[in-house]
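Structure first, commentary second.
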Amino acid sequence: MKDIPKTYEASQYEDDIYELWEVSGAFTPKIDSKKKPFTIAMPPPNATGTLHLGHASMLAIEDIMIRFKRMQGFCALWIPGTDHAAIATQTKVEQILLEQGITRHDLGREEFLKRVHEFVEASRGTIRNQIRRMGSSCDWSRERYTLDEGLSRAVAENFVKMYRDGLIYRGHRIVNWCPRCSSTLADDEVVYKELQEKLYYIKYGPLSLATARPETKFGDTAVAVHPKDNRYKKYIGKKIAVTTVLGETEMIVVADSVVDPKFGTGVIKVTPAHDATDFDIGKRHGLEVRQVIDENGRMNEKAGKYAGMTTREARVAVVKDMKKLGLLIKEEDYTHNLSLCYRCSTPIEPLVSLQWFIDVNKPILSARSIKLKKKLSAHGNVKKEKLMSIKEKSIEVIKNGSIKIIPDRFEKIYFNWMENLRDWCISRQIWFGHRIPVYYCLKCMEASKEASEKCHFGSENLDNVVSREPGIFVSADRLTKCLNCSKPLKQDPDTLDTWFSSGQWTFATLGWPEKTADLQYFHPTSVLETGYDILFFWVARMIIMTTYAMGEVPFETVYLHGLIRDKEGKKMSKSSGNGIDPLDMIAKYGADAVRLSLVVGSTPGNDIRLYEEKIAGCRNFINKIWNAARFAMGSSLSATPENHSIFSQSSLKTFVQSPIEHIEKKSKKYFFGDDNVSILFKHSTFFISDNLSLSDKWILTRLQRLIEKTTNDLEAYRFSDAGLGVYEFTWNEFCDWYLECSKVQPHPQVLQYVLMTILKLAHPFVPFVTEAIWKHLCPSKHNVSSNAKNKAFTDESSNNGKSKAFATELSNNEKSKMFATELLNNGKSETLSSSHRKNQTFESESLHQKECFSYVPNLLIASQWPQYDKKLIFTDEESDMQVIFNVITGIRKLRAESHVAPHRKIHAIISGHKKSCESIESQKHIIQRMAGLERLDVSPSSQKISDALSLFVGNVEVYLPLKNMMDFETERKRLQEECKKIASYIQGLETKLLNKNFIQRAPKNIVEKEKEKLETARSHLQKIEEQVRSFDS
RNA sequence: GGGCGCUUAGCUCAGUUGGUUAGAGCGACUGGUUUACACCCAGUAGGUCCAAGGUUCGAAUCCUUGAGCGCCCACCA
């Protein structure tokens, strides 16, 4: 046992333990109708991404929840996956191509997509392995990818469904156009940047107006003023003659209340084709939409001689020409927000184009209301249910509590966003993604235009094909020929917004549109855990898509974590060089330390600051547990270690008694956990009947309280509190006090029980180290791992470090070889790795068939969460022990203050109430050892010892006769200081208690408490004063 | 312009529904290495809880106002 290394080297255990978990089948829950499901759909990282701290924090928190629920006996499922991240990925590949001087258009759609897919395949393994390294206990057998076959099917089906319900339409709208990406962007994909620019005051016939974009004036089709602006009332509805750089023209003046009379001259030019506000004005007044900028951000032929220039160039030219013609009145500096593409920071060009939209305001019959209606009509009770739009529905599910957002302040933010939501543009002009399942027959479309006859397709719904407009077919199945004229069809070239597909993540990953057992059992998911920065991007879209498609909520609780910042509170980024790479940290401190550092000190919705010292601190804690366990396992607790070492064969035998097997067979409940300890506790009064010392009862009581607190905290999503609680208990109570006590007064069974319970409580937070220790405590016979790996685990306790190191090296080598091959081949030929992976899947699947947990070989991951046990609460002993600790601390303090050499053994005399003296007497050896006493006399009768240091703890008096080495003056001063402090404290209490209002209005128990406080303080004071007087005599 | 969050020890943060002589970790200082652990142990110092009002017997905690910092939404032609 002594061969267990002194420090826990995380890197030597983590990979092997992870593999053991994975192969054991513990990650893969089997549907069990007797158990409650607990499901989390992992927010899918980008398939081409690498792990950053945001992911790390998400994985840590979700894994805590999953492990906790799994141990509690839930059927806990955590579905991992990756996102194709359409624009991000396409941009990345385009950049790589650009380095070779190729554009996507050079390659053509098909070839380009091939390259993208190759790129994704090659890099997808990276993020997968990084997720593993965090210790994430997710079910890899159910892993999904937003672009895999099943999800693509779901996306297409849902599109068709929405189109059939009239929610999806095609129309000309003004959109945010990124000239570089050549694509539309959703409103929230636009970012704003403050910029210094010029505001130009220009002449517009009889009027003058201010504009920042003079180059768009060729697209002007009106001038607008505020309807109540008296200055311009006479022009409203009239046409005015305007001189422009391209000659004379006429312009109508309209009145619209969006115009701010205070800004500029109170007159604006209306350019419906190139400004969202103007587009709306144009719509209200039936203005012409005249496009003058093309999709590449250049002026088109309508701009006359400026055609072909970029908008920037045109602006300069136009201003110059206006000056010449005397049309420019003045220029003003001003700052405004320029809209930019959130991906490439290119300025956005608002353009009008033909796009697909989701109507968010159209009332629909949701699946649920349809079901409800059927039910009601069956009862002859047809009541018209209010039809809700998807927007209203999405608001309702939060309002009625079907979904709870933590912290709840985000609910308000959500409402605000949802209420202002405009129709959602879902088409993107990029190639990578889910292609829109719409097929056009150009001939029929053309024909219908010419004939302008009523479309004979009507709204006929063919088998899985919907057609509402001539020549347009919407279908989830690939169509090639027109159903009307049999001419070849052309599929819409656009793809869908990536959030359209990720909005379906919770149910599509479980098999929708098939009615799979998984879908029925695991959906709605329990918790969605993600960063608050994607509340709108993703969370809101999931609510929209799921309430619509499924008629149920996607999740019951949304837990939002904060963003990770550096010590100064700055955002971490590659450019500012303040980023911490979680993988570096894992290599240096271990995954457990990284996980813990991300959880401790974090509260939902608030950003947390992370820095290396914090991670190091967490690593120290992990090492502390390791050593506590090492002590418990290996220390010779008495002269004959074999008898007392709690994990020696003999004691284990007595500990693990035969009833266990019996219980296991008899009660199915226990198949989940293999842990003998809690079973024993449930079914015997083992400890209680045994001789428990005061410290045993104390630690057992404290432990019960910890179990209760940790469970409550975890259930209330207070992860930081839960983690800190375990941290503090382990370090400050178990290690600092109980382990020290057990050096004097060993009780192996209690020690083991407490240690094992700590391991369980800590496991969700620091799974690796706890599992590694558990392996030592409950060595397994049915290890499913390969021999080499097995060796790495079991040998370390039995032999010297060398053989262990060798074994680990072996397994690491084996693995690194495989990963190296994978990396070298860059995913092209993945014979080795994929066959390896397949074997694993096969193994775990075969385990999955059986009662998976009965196969889990004594793994902590599958053990049962500790139960709070009232029988193990000893209130009196808890406070008695506390007095003893106070005595020890007090003596230590006196020694330190009086500079008593640490080695010097001293004498102490304790007196006080009979009961206290009894318990002190019983713990005499502990006090002696921990306070460094040579001799300790305890007597109930109070005795004055004048030439001694004194200490008063509750009703206990402690004297340290140090005649020859104490400085009476110093001691007198110390005591007098103490008196002053207490006196002022007493005074405070007295005024409080003399206050009639307090006595009358405060609750009785509070008043009682205050009275008690006063009493003890008074007796304290009295005793100290006596002691001071004794110096004088 | 609208909204939200934060402000507690030198630093990073806890402080649940008002009742503690306001806590922890790191850092600092003093000492130690005692049959687990220097990734350790024992002890010390350090706070007008951002400010000003208010509610209350009682406020770090609730209300109002203000200041500083940070964030989100809308968007100015």
Residue count, region A:965-989 (criterion: within 50 Å of the chain's Cα centre (by Cα) and either open to solvent by less than 60 Å² (accessible area, probe 1.4 Å) or more than 14 Å from RNA strand B (Cβ to nearest atom) (or both)):
4
What number of residues within region A:387-398 satisfy the criterion of being open to solvent by 40 Å² or more (accessible area, probe 1.4 Å) and at pLDDT 90 or above?
2
All but one of (1) closer than 30 Å to A:LEU53 by Cβ; (2) touching a helix residue (DSSP H, G or I) at 6+ places or on another chain (Cβ under 7 Å); (3) not in a helix (DSSP H, G or I) hold for A:ILE202; state the number of the condition that does not hold.
(1)
Is there a residue being in contact with a helix residue (DSSP H, G or I) (Cβ under 8 Å, 6 or more places away or on another chain), at pLDDT below 90 and among the small types (Gly, Ala, Ser) anywhere in region A:658-676?
yes
Give me a count of the residues in region A:997-1015 that are more than 8 Å from RNA strand B (Cβ to nearest atom) and either in contact (Cβ under 8 Å) with a residue 60 or more places away in the chain or surrounded by fewer than 15 Cβ atoms within 10 Å (Cβ to Cβ) (or both).
7
Out of A:GLY551, A:GLY511, A:GLY531, A:GLY562, sole residue that is surrounded by fewer than 17 Cβ atoms within 10 Å (Cβ to Cβ) and either in contact (Cβ under 8 Å) with a residue 24 or more places away in the chain or of a type outside the set (Asp, Glu) (or both):
A:GLY551
Condition broken by A:ILE920, with the remaining ones in (1) within 21 Å of A:ILE982 (Cβ to Cβ); (2) open to solvent by less than 10 Å² (accessible area, probe 1.4 Å) satisfied
(1)
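Table: residues versus (1) open to solvent by 70 Å² or more (accessible area, probe 1.4 Å); (2) at pLDDT 90 or above; (3) in a strand (DSSP E or B); (4) farther than 30 Å from A:GLN90 by Cβ.
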{"residue": "A:GLY282", "(1), (2), (3), (4)": "no, no, no, yes"}
{"residue": "A:ALA303", "(1), (2), (3), (4)": "no, no, no, yes"}
{"residue": "A:ARG312", "(1), (2), (3), (4)": "yes, no, no, no"}
{"residue": "A:LEU340", "(1), (2), (3), (4)": "no, no, yes, no"}
{"residue": "A:CYS344", "(1), (2), (3), (4)": "no, no, no, no"}
Suppose we filter region A:736-745 for residues that are under 17 Å from A:LEU777 (Cβ atoms) and either within 9 Å of RNA strand B (Cβ to nearest atom) or open to solvent by 40 Å² or more (accessible area, probe 1.4 Å) (or both); how many remain?
1
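Hey, among A:ASN627, A:ASN606, A:ASN620, which residue is surrounded by fewer than 23 Cβ atoms within 10 Å (Cβ to Cβ) and outside any helix (DSSP H, G or I)?
A:ASN606
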List every residue pair whose Cβ atoms lie under 6 Å apart, where the two residues are 6 or more positions apart in sequence or sit on different chains, the first residue falls within region A:397-408 and is in a loop (DSSP other than H, G, I, E, B), and the second residue, located anywhere, is open to solvent by less than 10 Å² (accessible area, probe 1.4 Å) and away from RNA strand B (no atom under 15 Å from the Cβ).
A:ILE403/A:VAL397
Restricting attention to region A:216-252, which residues are of a type in the set (Asp, Glu) and part of a strand (DSSP E or B)?
A:GLU248, A:GLU250
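Is it the case, given these coordinates, that A:PHE218 is within 30 Å of A:PHE473 (Cα to Cα) and crowded, with 21+ Cβ neighbours inside 10 Å?
It is false that A:PHE218 is within 30 Å of A:PHE473 (Cα to Cα) and crowded, with 21+ Cβ neighbours inside 10 Å.
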Return the pairs, sorted by first residue and then second, in which the second residue is of a type in the set (Phe, Trp, Tyr) and part of a strand (DSSP E or B), the first residue lies in region A:290-314 and is closer than 14 Å to A:ARG180 by Cβ, the beta carbons are less than 8 Å apart, and the residues are 6+ apart or on different chains.
A:GLU295/A:TRP177
Can you tell me how many residues in region A:151-178 are away from RNA strand B (no atom under 16 Å from the Cβ) and either open to solvent by less than 30 Å² (accessible area, probe 1.4 Å) or of a type in the set (Asp, Glu) (or both)?
16
Say whether the condition of being of a type outside the set (Lys, Arg), surrounded by fewer than 21 Cβ atoms within 10 Å (Cβ to Cβ) and out of contact with any Cys (no Cβ under 6 Å at 6 or more places or on another chain) is met by at least one residue in region A:267-274.
no
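Looking only at region A:900-914, count every residue that is surrounded by 11 or more Cβ atoms within 10 Å (Cβ to Cβ) and either among the polar types (S, T, N, Q) or within 9 Å of RNA strand B (Cβ to nearest atom) (or both) and tell me the total.
Residues that pass the stated criteria total 1.
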Please go through region A:142-165 and give me each residue that is of a type in the set (Lys, Arg) and part of a helix (DSSP H, G or I), ordered by number.
A:ARG142, A:ARG153, A:LYS161, A:ARG164
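Quick grid of which residues meet (1) at pLDDT below 90; (2) more than 22 Å from A:LYS362 (Cβ to Cβ):
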residue: A:ARG435; (1), (2): no, yes
residue: A:GLU450; (1), (2): yes, yes
residue: A:LYS454; (1), (2): yes, yes
residue: A:GLU460; (1), (2): yes, no
residue: A:SER467; (1), (2): yes, no
residue: A:CYS482; (1), (2): yes, yes
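Looking only at region A:6-15, filter to residues that are part of a helix (DSSP H, G or I) and under 26 Å from the mean Cα position of the chain (by Cα); which one of those is nearest to RNA strand B (Cβ to nearest atom)?
Applying the filter and picking the extreme gives A:ALA10.
The values are calculated or read from the model by the stated rules, or taken from the named source; none is laboratory data. Keep in mind the model is a prediction, meaning the values are calculated, not measured. FYI the Cβ positions are ideal-geometry reconstructions off the backbone, even for glycines, and counts take in every protein chain you see. All accessible areas refer to the heavy atoms of the entire protein, side chains included, with ligands and DNA or RNA removed. Shrake-Rupley method; radii C 1.70, N 1.55, O 1.52, S 1.80 Å.
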